[in-house]
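In what follows, a single structure is set out as structure tokens and then discussed.
The values are calculated or read from the model by the stated rules, or taken from the named source; none is laboratory data. Here the structure is a predicted model, which is why all the values come from computation and not from measurement. Here Cβ is always computed from backbone atoms with ideal geometry, including for glycine, and neighbour counts include all displayed protein chains. Accessible surface areas use protein heavy atoms only, side chains included; no ligands, DNA or RNA. Shrake-Rupley method; radii C 1.70, N 1.55, O 1.52, S 1.80 Å.
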Amino acid sequence: MASQDSQSVKDENVVWHPHAVTRADREKQHGHLGAVLWFTGLSGSGKSTVAGALEQALHALGVSTYLLDGDNVRHGLCSDLGFTDDDRRENIRRVGEVAKLMVDAGQVVLTAFISPHRAERDMVRELLQEGQFIEVFVDTPLSVCEARDPKGLYKKARAGELKNFTGIDSEYQPPQAPDVHLEGEQLVTHLVPQLLDVMRRRGIINP
């Protein structure tokens with residue numbers, strides 16, 4: 001393991017290299033702004049479903065998108081992390097840094113992560129410029145999420161077979177003032193137009 005002194009020297013020698021092609025250039029080529037729509041909510045709330053449906057709608061409009069899904073990211077980028085609070089924090093930090101790079105590439109990034117703690121979501125917001133981070137709270141009651149239980153995780157958590165499961169034995173901190181508040185029991189066909197409207201009003205995509 002590197003010593004604290006060698007780590008400091010390493011940090012001092014790492015300098016951000018600006019490129020001739022800017023984010024504004026890339027956004028102009030794409031025909032829309034780069035932004036992150038950060039979907040948060042309990043497991044089974046419908047985050048991934050809504051994010052996926054929105055990506056399809058944006059793709060049909062010619063918008064350059066990428067969907068970062070919690071399970072998919074843990075297959076590679078975050079495969080070394082568990083579900084302790086520290087690991088969850090590092091998981092979100094990594095995803096936030098990836099999302100920031102994609103926004104610099106002029107893309108609309110959709111993320112579907114439980115991201116249970118406000119501090120981590122605020123950390124990602126602070127990585128981005130004003131207006132580039134849109135927190136979308138998919139607000140679905142725990143009872144509904146548990147009844148859906150698409151992966152059988154609530155059943156395992158209730159049986160004590162799955163520890164640190166959000167909503168059961170691990171805390172979820174709902175957004176206090178989300179940019180978009182969706183009622184997760186509504187049909188996806190009702191939710192996607194709401195999100196498109198927000199993106200148009202914010203000037204991210206064209207009317």
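In the frame of its principal axes, segment 118-207 has Cα extents of 48, 31, 19 Å, reported largest first.
Peptides 117-126, 143-152 ranked from most to least packed give 117-126, 143-152, packing being the mean of other C-beta atoms within 10 angstrom over each peptide's residues.
Length, then width, then depth: along the principal axes, the Cα atoms of segment 8-53 run 45, 36, 10 Å. Whole-Hz Karplus values for segment 44-55 come out as x, 6, x, 3, 5, 5, 5, 4, x, 5, 5, 4 Hz, taken residue by residue from phi with 6.51 cos²θ - 1.76 cosθ + 1.60 and θ = phi - 60°; glycine and proline positions read x.
All Cα-Cα separations within segment 57-115 were binned at 5 Å from zero, giving a P(r) of 4, 18, 28, 22, 15, 8, 4, 2, each value a whole percent of the pairs.
Between Q29 and E97, what is the label-to-label distance in nm when each label sits 7 Å out along the Cα-to-Cβ direction? Label-label distance for Q29 and E97, simple model: 2.5 nm. Please work out, to two decimal places, the log10 of the ratio I(q)/I(0) at q = 0.19 Å⁻¹ from a Debye calculation in which every Cα of segment 167-207 carries one identical scatterer. So the normalised log intensities work out to -0.72.
Here the label points at F83 and H181, each 7 Å from Cα along the C-beta direction, are separated by 2.8 nm in the simple model. Using equal-weight Cα scatterers in the Debye expression, the normalised intensity of segment 1-137 in log10 at q = 0.09, 0.17, 0.18 Å⁻¹ is -0.31, -0.99, -1.07. Only protein heavy atoms count here; under a 1.4 Å probe, D85 has an accessible surface of about 80 Å².
Go from 0 up to the bin containing the longest alpha carbon distance in segment 123-173, width 10 Å each, and give me the % of pairs per bin. Result, from short to long distances: 21, 38, 23, 17, 1 percent. Pairs of Cα atoms in segment 49-207 fall into 10 Å distance bins, from 0 up to the last occupied one, in shares of 9, 37, 38, 14, 1 percent. Summarising the amide proton neighbourhood of L68: residues at separation of 5 or more, or on other chains, whose placed amide H is nearer than 5 Å comprise L110, T111, A112.
Apolar share of the accessible surface for the chain: 51 percent from carbon plus sulfur atoms, 1.4 Å probe. Computed over neighbours whose Cβ is under 10 Å from that of S64, the net charge equals 0, Lys and Arg +1, Asp and Glu -1. Looking at segment 50-207, the accessible area is 52 square angstrom per residue; that uses a 1.4 Å probe and ignores ligands, DNA and RNA.
Each of E97, E183, E90 has its accessible area taken with a 1.4 Å probe; listed largest first, they run E183, E97, E90.
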